[in-house]
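The values are calculated or read from the model by the stated rules, or taken from the named source; none is laboratory data. Treat the numbers as computed from the prediction; the structure is a model and nothing was measured. Methodologically, a virtual Cβ is constructed for each residue, glycine included, from the backbone with ideal geometry; neighbour enumeration extends over all protein chains shown.
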Amino acid sequence: MAQEVLLEAKGVTKRFGGLTAVNKVDFVIYKGMIAGLIGPNGAGKTTFFNNMTGLYTPTEGDFIFNGKPITGLKPHIIQDRGISRTFQNIRLFGQLSALENVLVGMHTRLNGTVFEAFFRPKRVIHEEKRAREKALDLLDFVGLGRDSAEMAARNLPYGFQRRLEIARALASDPKLLLLDEPTAGMNPQEKKELTELVDHLRKELGVTVLLIEHDMKVVMGISDRVSVLDHGEKIAEGLPKVVQANPKVIEAYLGTGAAAEGA
């Protein structure tokens, strides 16, 4: 049975003045997969994410999501269409509680108007109650638990802040979740647990995942397919073991000599 395409990038290019950060990248993600996007520092990985999520508009090329073009749409519209993300540098609202951070992630799914927020009819009260329960369920799902709900985000341990970012991203009911360096700064045990969480959310929630990750053990251990960027161009793509042994990938990470020696 043919796999169903969820997202397709067609010739995506992004230039900043004379610098080409992403160059004619073609890319396909199928529903239900966990895809890894890797490459050395400055390869264009986060720029590619930013083009996909509306923070940047591609200089050339298009993104097709769920059969519809999304190129050039505003970030909140793209999120409403079903793409959510985390960031390489944690972007939580530190002064807000963990629960409030997750509720912020639901704003595209809530229907109350300014008028209703002020006068608070029963419909809005019920919607707020359902949103709160869903937020608490998400805190449980990512392993924070309800005991952390009222803690200020900035007071949570670093690994828990990473989990909270994922909970907030899941709050908008995404079809595609983009994780930008989700295990950055974590110790080996935290990385193992977060990897298990990513696999769990795919199995339990049916969310398709695309992650940027520097830790090769994490990428190779969880990805169904790995794509490699170097200087903005896709140089390899395929099964993790095949990509890991690709001479172009070895050269990109370790240099020409290492590739020649078969490192």
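Scanning region 68-86 for residues that are in contact (Cβ under 8 Å) with a residue 60 or more places away in the chain and among the hydrophobic types (A, V, I, L, M, F, W, C) gives a single hit, 83.
Of the strands (runs of 3 or more DSSP E) contained entirely in region 168-248, those carrying at least 2 residues that are over 20 Å from residue 142 (Cβ atoms) fall at 225-230, 233-238. If you go through region 224-253 and keep only what is under 16 Å from residue 42 (Cα atoms), touching a residue at least 60 places away in the same chain (Cβ under 8 Å) and of a type outside the set (A, V, I, L, M), you end up with 227, 230, 231, 232, 233, 234, 253.
Considering region 130-157, the residues that are touching a residue at least 60 places away in the same chain (Cβ under 8 Å) and either under 20 Å from residue 195 (Cβ atoms) or aliphatic (A, V, I, L, M) (or both) include one that is surrounded by the fewest Cβ atoms within 10 Å (Cβ to Cβ), namely 141. A residue that is among the aliphatic types (A, V, I, L, M) and touching a residue at least 60 places away in the same chain (Cβ under 8 Å) occurs nowhere in region 53-67. Return the pair list, or none, for Cβ contacts closer than 7 Å from residues in region 87-116 that are in the same structural domain as residue 132 (by TED's automatic domain parsing) and of a type in the set (Lys, Arg) to residues that are at pLDDT 85 or above and not in a helix (DSSP H, G or I), at least 6 apart or on different chains. Short answer, once both residue conditions are applied: 109/172; 109/173.
Of 217, 203, 192, all but one fail to be under 21 Å from residue 4 (Cα atoms), surrounded by fewer than 17 Cβ atoms within 10 Å (Cβ to Cβ) and assigned by TED's automatic domain parsing to the domain that holds residue 28; the exception is 203.
Residues being of a type in the set (A, V, I, L, M, F, W, C), closer than 22 Å to residue 176 by Cβ, at pLDDT below 80 and surrounded by fewer than 19 Cβ atoms within 10 Å (Cβ to Cβ) are represented in region 107-126 by at least one member. Residues being surrounded by 23 or more Cβ atoms within 10 Å (Cβ to Cβ) and β-branched (Val, Ile, Thr) are represented in region 36-44 by at least one member. Taking only region 225-263 into account, find how many residues are in contact with a Leu (Cβ under 9 Å, 6 or more places away or on another chain), over 18 Å from residue 26 (Cβ atoms) and modelled with pLDDT of 90 or more. So the answer is 0. Only one of the listed residues (9, 43) is assigned by TED's automatic domain parsing to the domain that holds residue 186 and either touching a Phe, Trp or Tyr at 6+ places or on another chain (Cβ under 7 Å) or outside any loop (DSSP other than H, G, I, E, B) (or both). That residue is 9.
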